[in-house]
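The values are calculated or read from the model by the stated rules, or taken from the named source; none is laboratory data. Every value quoted in this text rests on a predicted model; they were computed, and no experiment measured them. Here the Cβ is made from the backbone with ideal geometry for all residues, glycine too, and neighbour counts use every protein chain on show. Note: areas computed on protein heavy atoms with side chains; ligands, DNA, RNA excluded. Shrake-Rupley method; radii C 1.70, N 1.55, O 1.52, S 1.80 Å.
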Amino acid sequence: MELHFSDCFGVDPQALVEYGAFDISLASDLPLFIDPFLLFNSDKPEYQSLHESILAYLVYLKDKAVADLDDATIANLYRFKEVRQNWLGFTVLGNGGSGLGHSFAVSLHRALGSILNNFGDESVTRSSHLEKLCLIRPGVGRDSISDFTTNLIKDFLCDYTAMFARDHLSDEVCRDVPVTRARFNYATETWQTVRYRLPYVNGDFVLLTPVDLLTRDDTWINYSDMVNRFPLLPEAIPDPQLRAEVNAYFRSHLTRHPKKQDIDRAAALTIRNFPELIDRYIKLKEDQGDQAAAISAKHVEAADGVFVQQLKDLLADLESRTTFFDLPSSSYEESLARAHFFKDYIENQDGYLLVNRAGRPISSEKDVQLFFGLVWYGSQLDLNREVNNGRGPVDFKASRGAIDKSLIEFKLASNSQLRRNLERQVAIYEAANGTRKSVKVIVAYTAGELAKVSRTLKALKLTDEPSIVVIDARNDNKPSGSKA
């Protein structure tokens with residue numbers, strides 16, 4: 001089954017390893033992201049040059065921030081579509097992310113004219129950093145920073161991929177394609193379209209990304225880390241009077257018996273009121289920058305082991321030993337059968353490694369959904385992700401035509417709303433999507449969670465409900481040897 005770049009284009013995976021590129025999936029985005037700090041902290045001259053080009057564009061935007069701009073100009077300069085051709089990000093089933101919208105563009109424009117007005121002229125840090133954009137307010141996460149970075153280094157990624165294609169791919173699988181917004185022309189203040197010869201499949205080109213630019217978790221500089229490290233930041237201020245003002249302001253926003261969320265809120269308000277703390281935090285991360293590459297490399301190596309190697313083993317095993325990819329039945333029967341195949345692989349073979357990251361249980365339902373979605377690759381059913389019909393998104397809708405439709409919903413056993421969800425949510429989704437058939441998959445990581453699920457199902461008289469599939473994803477009760 002041609003799921004990854006190496007499979008689809010008939011190239012030895014070792015060639016990608018030697019080139020330094022990640023073997024992406026061409027069925028669904030993988031949750032990896034470009035971290036611009038890895039450009040800044042690299043010894044490679046081309047990466048340093050890329051970092052400088054990003055800063056140059058942001059300084060250009062800052063100079064534009066002195067005046068109000070019309071919506072068309074803001075859209076042209078600040079708004080970017082996701083570069084979906086690199087197949088990285090949060091999208092499950094496909095690569096159609098939303099990109100950077102109007103609110104992000106307006107917020108950035110205003111911030112560069114106010115709280116970030118010293119961008120490019122920092123005196124505390126060794127350099128300016130694109131990630132500073134995510135420190136001005138919560139909600140600007142790794143996906144936004146990665147999208148912004150990817151757009152600003154798109155020309156590099158195209159050249160990087162074109163060089164690999166020239167040396168390793170046959171001419172038949174490549175095309176000369178015009179790539180829009182590939183370079184910014186400062187003379188004309190416009191984005192230019194450039195042509196490259198790139199790998200081409202399913203009506204679109206494909207971009208490779210260097211492994212040493214990727215991270216699995218948050219970017220090295222990020223908002224939640226800054227808030228968590230707040231106690232270190234006032235102490236880094238050399239001016240004793242300013243330091244005292246910062247501490248006094250912080251204490252004034254604490255309750256008498258503050259909880260963690262109260263402390264985090266007070267820290268966030270203090271950082272917003274004293275922007276110098278942002279630079280103090282960035283300086284702290286610069287000083288510890290030698291750890292960034294090592295940590296990211298470890299996470300990406302683990303991601304390669306799971307998203308590429310382990311997933312290839314899973315698909316090969318299912319294809320050779322089961323009828324997983326040949327289920328001529330109704331959408332509900334196939335959905336339930338695939339859920340049980342998935343359960344068996346996790347509980348009785350090596351599949352538990354998919355949903356346990358580095359010995360720790362994955363805490364996000366999205367990670368589990370990703371693997372389940374990928375193993376549907378090649379199905380005759382139409383599987384859609386996050387179908388929202390006005391009453392909230394459902395994880396998956398499997399359908400064959402307009403009449404035969406079924407829903408698949410994932411929940412972690414640790415979810416505090418599990419009982420409520422079992423009682424109400426699926427019935428609501430079924431009514432909204434015009435179907436009375438749904439499958440509920442519950443993933444448990446501990447014996448305690450399994451016991452909780454069992455009690456909940458018993459209380460709701462759902463113990464023998466066939467449409468509910470409970471998966472034991474513990475890593476402490478599996479056989480030591482592989483059965484695959």
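Condition check ((1) of a type in the set (A, V, I, L, M); (2) modelled with pLDDT under 95; (3) within 22 Å of A56 (Cα to Cα)) across all residues:
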position	(1), (2), (3)
C174	no, no, no
P178	no, no, no
R181	no, yes, yes
T188	no, yes, yes
W191	no, yes, yes
V194	yes, no, yes
V201	yes, yes, no
L208	yes, no, no
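Hey, among T180, T188, which residue is assigned to a strand (DSSP E or B), open to solvent by 70 Å² or more (accessible area, probe 1.4 Å) and polar (S, T, N, Q)? Spell out the reasoning first.
On the way: T188 fails: assigned to a strand (DSSP E or B).
Every option except T180 fails the conditions.
Answer with yes or no whether V177 is under 27 Å from V11 (Cα atoms), in contact with a Leu (Cβ under 7 Å, 6 or more places away or on another chain) and among the hydrophobic types (A, V, I, L, M, F, W, C). Working first, answer last.
Working: under 27 Å from V11 (Cα atoms): yes; in contact with a Leu (Cβ under 7 Å, 6 or more places away or on another chain): yes; among the hydrophobic types (A, V, I, L, M, F, W, C): yes.
Taking the combined requirement at face value, the residue satisfies it.
Of the residues K285, K312, which single one is within 30 Å of the chain's Cα centre (by Cα), surrounded by 12 or more Cβ atoms within 10 Å (Cβ to Cβ) and within 19 Å of I34 (Cβ to Cβ)? If you could, list the steps in order and put the result at the bottom.
On the way: K312 fails: within 19 Å of I34 (Cβ to Cβ).
Result of the check over K285, K312: K285.
Tell me which strands (runs of 3 or more DSSP E) are completely within the range 320-433 and hold 2 or more residues being in contact with an Asp or Glu (Cβ under 9 Å, 6 or more places away or on another chain) and either at pLDDT 75 or above or closer than 22 Å to R216 by Cα (or both), or say none if there are none.
Working: elements: 382-388, 393-400, 404-412.
Those strands (runs of 3 or more DSSP E) span 393-400, 404-412.
Go through the range 226-250 residue by residue and tally those that are free of Cβ contacts under 8 Å to residues at least 12 places away in the same chain and more than 19 Å from I282 (Cβ to Cβ).
Residues flagged as free of Cβ contacts under 8 Å to residues at least 12 places away in the same chain and more than 19 Å from I282 (Cβ to Cβ) within the range 226-250 amount to 4.
Can you name every residue in the range 247-297 that is of a type in the set (S, T, Y) and outside any loop (DSSP other than H, G, I, E, B)?
Looking only at the range 247-297, we keep the residues that are of a type in the set (S, T, Y), and these are 249, 252, 255, 270, 281, 296.
Y249, S252, T270, Y281, S296 - these are the residues of the range 247-297 that are of a type in the set (S, T, Y) and outside any loop (DSSP other than H, G, I, E, B).
If I ask for residues that are of a type outside the set (A, V, I, L, M, F, W, C) and buried (at least 21 other Cβ atoms within 10 Å of the Cβ), which ones from the range 7-30 would you list? Quick ask: steps written out before the conclusion?
The first filter runs over the range 7-30 and keeps only residues of a type outside the set (A, V, I, L, M, F, W, C), leaving 7, 10, 12-14, 18-20, 23, 25, 28-29.
Selection gives D23, S25, S28, D29.
Which one is farthest from S127 (Cα to Cα) among residues in the range 254-269 that are open to solvent by less than 60 Å² (accessible area, probe 1.4 Å) and over 29 Å from the mean Cα position of the chain (by Cα)?
Let us first name the residues in the range 254-269 that are open to solvent by less than 60 Å² (accessible area, probe 1.4 Å), namely 254, 258, 262, 264, 266-269.
Cutting the leftovers down to over 29 Å from the mean Cα position of the chain (by Cα) gives us 254, 258.
Details: L254: 33, P258: 36 Å.
For the range 254-269, the residue satisfying everything is P258.
Quick check, is T219 assigned to a helix (DSSP H, G or I) and surrounded by 20 or more Cβ atoms within 10 Å (Cβ to Cβ)?
Numbers: assigned to a helix (DSSP H, G or I): no; surrounded by 20 or more Cβ atoms within 10 Å (Cβ to Cβ): yes.
No, not satisfied.
May I ask you to list the residues in the range 146-161 that are closer than 18 Å to E18 by Cα and open to solvent by 20 Å² or more (accessible area, probe 1.4 Å)? Before the answer, list the steps.
Keep residues of the range 146-161 that are closer than 18 Å to E18 by Cα, which gives 157, 159-161.
Within the range 146-161, D159, Y160 qualify.
Residue under question is R166, and the condition is that it be surrounded by fewer than 20 Cβ atoms within 10 Å (Cβ to Cβ), of a type in the set (K, R) and over 19 Å from R280 (Cβ atoms); does it hold?
On the way: surrounded by fewer than 20 Cβ atoms within 10 Å (Cβ to Cβ): yes; of a type in the set (K, R): yes; over 19 Å from R280 (Cβ atoms): yes.
Taking the combined requirement at face value, the residue satisfies it.
In the range 152-179, how many residues are among the basic types (K, R) and farther than 21 Å from Y47 by Cβ?
Residues of the range 152-179 that are among the basic types (K, R), as a first pass: 154, 166, 175.
So of that shortlist, the ones also farther than 21 Å from Y47 by Cβ come out as 166, 175.
The total comes to 2.
Mind counting the residues in the range 40-49 that are in contact with a helix residue (DSSP H, G or I) (Cβ under 6 Å, 6 or more places away or on another chain) and under 17 Å from K298 (Cα atoms)?
Within the range 40-49, the subset in contact with a helix residue (DSSP H, G or I) (Cβ under 6 Å, 6 or more places away or on another chain) is 40-41, 47.
Still in the running and under 17 Å from K298 (Cα atoms): 41.
Result for the range 40-49: 1.
Can we say E52 is under 24 Å from the mean Cα position of the chain (by Cα) and loosely packed, with under 15 Cβ neighbours inside 10 Å? Steps first, answer last, please.
Details: under 24 Å from the mean Cα position of the chain (by Cα): no; loosely packed, with under 15 Cβ neighbours inside 10 Å: yes.
No: the conditions fail for E52.
Answer yes or no as to whether E245 is modelled with pLDDT of 90 or more and surrounded by 14 or more Cβ atoms within 10 Å (Cβ to Cβ).
Values: modelled with pLDDT of 90 or more: yes; surrounded by 14 or more Cβ atoms within 10 Å (Cβ to Cβ): yes.
Spelling it out, E245 is indeed modelled with pLDDT of 90 or more and surrounded by 14 or more Cβ atoms within 10 Å (Cβ to Cβ).
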